[in-house]
Amino acid sequence: MVSIEKRIAVIYLAWLPYGIDHFKSFVDSYNSHPSGCKHELIIAFNGIKLNSGNNPEDYLDYLSRFTNLPYRVLYFDSGQDIAIYTEISKLLDHDFLFFLNTYSILLCDSWLALFVNN
């Protein structure tokens, strides 16, 4: 079981060229299923320089509908998921990092507790 003093970050990587629908699905599932343990949610937007027409502000506007949802945002020009995960790990000082990609959808309550407590 993870000690209560441990800091956990849940990082969702939003690949902008794929559009906002995957993001909406993730946010809806995140809002519907309590994680089961304390953590910081970090939204990492990737693909900023690709000019895909998808604007992070639209994503953040959707996220703002969930007023009880604190989060932090990071921005990356472009790169493969693993390279971005490496960059993020250098920026954060959490004890545990839980990465989710653009297609991730949470399916049950206590989803994070299931990982950190086993």
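With in contact with a Gly (Cβ under 9 Å, 6 or more places away or on another chain) and either over 17 Å from W15 (Cβ atoms) or surrounded by 12 or more Cβ atoms within 10 Å (Cβ to Cβ) (or both) as the only criterion, which of N31, N46 stands out?
Being in contact with a Gly (Cβ under 9 Å, 6 or more places away or on another chain) and either over 17 Å from W15 (Cβ atoms) or surrounded by 12 or more Cβ atoms within 10 Å (Cβ to Cβ) (or both) holds for just one of N31, N46, which is N46.
For the stretch 1-28, what are the residues that are surrounded by 21 or more Cβ atoms within 10 Å (Cβ to Cβ) and small (G, A, S)?
A14
Considering only the stretch 16-41, state which residues are assigned to a helix (DSSP H, G or I) and more than 14 Å from I105 (Cβ to Cβ).
L16, P17, I20
Please pick out the residue among S104, S110 that is within 20 Å of I8 (Cα to Cα), open to solvent by less than 30 Å² (accessible area, probe 1.4 Å) and among the small types (G, A, S). Quick ask: steps written out before the conclusion?
Details: S110 fails: open to solvent by less than 30 Å² (accessible area, probe 1.4 Å).
Checking each option against the conditions leaves just S104.
Within the stretch 63-118, take every residue that is assigned to a helix (DSSP H, G or I) and of a type in the set (F, W, Y) and give me the one that is farthest from the chain's Cα centre (by Cα).
Within the stretch 63-118, the match that is farthest from the chain's Cα centre (by Cα) is F115.
If you go through the stretch 42-53 one residue at a time, do you hit one that is charged (D, E, K, R), touching a residue at least 24 places away in the same chain (Cβ under 8 Å) and assigned to a strand (DSSP E or B)?
Here is the first cut: in the stretch 42-53, the ones charged (D, E, K, R) are 49.
Subset that is touching a residue at least 24 places away in the same chain (Cβ under 8 Å): 49.
Subsequent filtering for residues that are assigned to a strand (DSSP E or B) retains none.
No, the stretch 42-53 contains no residue that is charged (D, E, K, R), touching a residue at least 24 places away in the same chain (Cβ under 8 Å) and assigned to a strand (DSSP E or B).
Is it true that some residue in the stretch 64-81 is in contact with a His (Cβ under 6 Å, 6 or more places away or on another chain) and surrounded by 16 or more Cβ atoms within 10 Å (Cβ to Cβ)?
There is no residue in the stretch 64-81 that is in contact with a His (Cβ under 6 Å, 6 or more places away or on another chain) and surrounded by 16 or more Cβ atoms within 10 Å (Cβ to Cβ).
Residues are listed down the side, and each one gets a yes or a no for (1) at negative phi; (2) under 12 Å from the mean Cα position of the chain (by Cα):
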position: R7; (1), (2): yes, no
position: I42; (1), (2): yes, yes
position: G47; (1), (2): no, no
position: N54; (1), (2): yes, no
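The values are calculated or read from the model by the stated rules, or taken from the named source; none is laboratory data. As the structure is a computational prediction, the values presented were derived from the model and not from experiment. Here the Cβ is made from the backbone with ideal geometry for all residues, glycine too, and neighbour counts use every protein chain on show. The accessibility values were calculated without ligands, DNA or RNA, using every heavy atom of the protein model including side chains. Shrake-Rupley method; radii C 1.70, N 1.55, O 1.52, S 1.80 Å.
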